[in-house]
Amino acid sequence: MRMGADVRARAAPDHRSSWWSGRTRRINRRYARTAALIVAGLALALGGHALLAPNRFPVRSVHVIGRFQRIPQPLLIAAVRPFLYQNFYSLRLAAVRAAVSQVPWVGSVRVERRFPRALVITIGRLHLAARWAHGGWVDTHGEHVHLQGYGPPAGLPVFQGPAASEQEMWTHYERLQALLQPAGLAIAALDLTRRGTWRVMLKGGPLLVLGRKACAPLQRFLTVFPQLAARRSAMRQVDLRYTNGFAIGWKTGPGGQK
């Protein structure tokens, strides 16, 4: 042992104090982040409330794009006017679409916001496909529409069927007419019974009666129709609900035979 040696005492590190200090810093940072989020949320809420206030940021202009043939423009303007000067950001586009769709002869409707404060409404004209026997018409989307005070185009076929069958009837009409057209035949009336029987009255006759699966029997009949075309005026009805053939009902009296 050397006398006079330089002896220095070192205090042992306090691990508990270091741990507590680090934990305090982490807690402080967590509280700081939470406070920042609360402040940001309040700012967004207050800003959103100001942004969506009814008397702020009114719609300044409405642009309507489309073909206006047959569409009564005074009624179109009246449908759009209530939405002018409403809040641009809170305005419900679905409400605008619904109001414009009620205007006679308006078909498809698309509504968009255009910055800074304009509405753009694109409309498509309604195209009627058939007259509904129970009142109203069916458009080319299979929708049942009413046009009070407005006459439909001439020459439309007549649909008759159960309630809510307009879409199904329009779909079948397109399929059947596509098969008939190459033979020079056209549908004058289409009737769907509750049992699923299709009755197709051709322009100039005859009446075709088909089952639920209508296309295949019709195609079979059309393959032999050229051989029967000369006697078409004497045909009253052709029943196509047979598996391997069809039955012709003939007219009686002058111009026909039994």
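Table for the structure above
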| item | result |
| --- | --- |
| Point-to-point label distance, Gln237-Ala133, nm (Cα→Cβ direction, 7 Å offset) | 1.3 nm |
| Burial ordering of Trp198, Trp132, fewest other beta-carbon atoms within 10 Å first | Trp132, Trp198 |
| Two-site label geometry, Thr193 and Ala95: point separation in nm, points 7 Å out along Cα→Cβ | 5.0 nm |
| Tensor-based shape of the stretch 186-233 (alpha-carbon gyration tensor, a/c under 1.5 rounded, otherwise prolate or oblate) | oblate |
| Relative contact order [Cα under 8 Å, 6+ residues apart], the stretch 61-125, whole percent | 46 percent |
| The stretch 128-250, dipole about Cα centre (Lys/Arg Cβ +1, Asp/Glu Cβ -1), debye to the nearest 20 | 580 debye |
| Euclidean distance between Cα centres, the stretch 134-195 to the stretch 66-126, Å | 28 Å |
| Formal net charge of residues neighbouring Ser165 (Cβ-Cβ distance under 12 Å; K, R +1; D, E -1) | -2 |
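Every read-out reported here was derived from the displayed coordinates using simple, explicitly stated rules and does not represent laboratory data. What you are looking at is a predicted structure, and each value in this text was computed from that prediction instead of being measured. Cβ coordinates were reconstructed from backbone atoms using ideal geometry, including for glycine residues, and neighbour counts include every protein chain displayed.
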